[in-house]
Amino acid sequence: MTRTSRILTAALASAALALTGCSGSDGSGSSDGGNGDRGGSANEFTAAGVSFEAPDGWEALDAKDADVSGENTADVAEGLGLTAEELQRTIAAVDLFVVDGDGPQDGFLSNINVLQQDGQLPDDKVIEQQFSQMGATVNDVSHPDAGIDDVTAVDYSLQVEPNLVEGISYLVPLGDQVVTITVSTPDRAESADIGEAVLASLTEAG
């Protein structure tokens with residue numbers, strides 16, 4: 001698998017919450033087990049060299065806190081279509097995992113995750129091809145204005161049984177790495193609103 005493919009595979013796999021060994025094959029992932037730092041405000045998070053704001057009440061999950069035998073963890077995992085063990089591995093594999101503090105809605109737990117990968121950002125055609133090959137319906141690939149230059153936004157839909165997940169991924173080039181911030185909810189309008197707020201607040205962490 002090429003480095004470009006690894007970046008896009010990781011981006012979409014993390015969005016689907018079904019991270020594979022391929023997505024972490026170049027040593028990516030959080031050194032702190034997915035425990036992102038709070039920023040300057042109650043709903044601001046920092047991870048993998050970027051900062052952004054999540055909706056009020058959303059909370060970061062830490063792999064160390066994901067007790068696979070805990071009832072709450074089981075409920076969270078169910079809302080993502082995962083087992084508790086899969087949830088723990090997913091949280092550990094990404095740099096930040098933020099979830100809706102109100103819990104699952106319509107059987108799905110809305111979330112934002114951040115994943116850092118080594119490599120360069122590919123062009124739009126390659127991005128769309130890779131997402132499509134992995135089963136996503138790409139609605140749009142764009143280059144929105146943001147606090148960081150050259151951000152690519154991918155608006156897509158992905159069937160993650162039994163849910164249709166409406167996702168927006170922001171691929172952010174930072175030097176020799178690409179940071180992917182993915183918003184996943186079961187409602188396209190909600191994903192768009194949250195995505196716009198993430199983008200508006202997106203900055204490179206000092």
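The values are calculated or read from the model by the stated rules, or taken from the named source; none is laboratory data. Since the model is a prediction, treat every value here as computed from it, not as a measurement. Cβ: placed from backbone, ideal geometry, glycine included. Neighbour counts: every protein chain shown. The accessibility values were calculated without ligands, DNA or RNA, using every heavy atom of the protein model including side chains. Shrake-Rupley method; radii C 1.70, N 1.55, O 1.52, S 1.80 Å.
Listing for the model above:
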quantity	calculated
Among 148-154, 113-119, the order from most to least packed when residues are scored by Cβ within 10 Å on average	113-119, 148-154
Pairwise label distance in nanometres, GLU196 with ASP56, each label 7 Å out on the Cα-Cβ vector	1.8
15 Å reach of a label modelled at VAL126, 7 Å along Cα-to-Cβ, counting backbone N of region 142-169	152
Dipole magnitude of region 124-206, debye to nearest 20 (Cβ charges: Lys/Arg +1, Asp/Glu -1, about Cα centre)	200
Estimated FRET transfer efficiency when R0 is 30 angstrom, pair LEU164-ASP118 (beta carbons, to 0.05)	0.45
Nonlocal amide H pairs with TRP58, under 5 Å, H built at 1.01 Å	GLY101
Ordering of 133-140, 189-196 by burial proxy (mean other Cβ atoms within 10 Å per residue, highest first)	189-196, 133-140
Accessible surface of PHE108 - all protein chains present, 1.4 Å probe, nearest 10 Å²	10
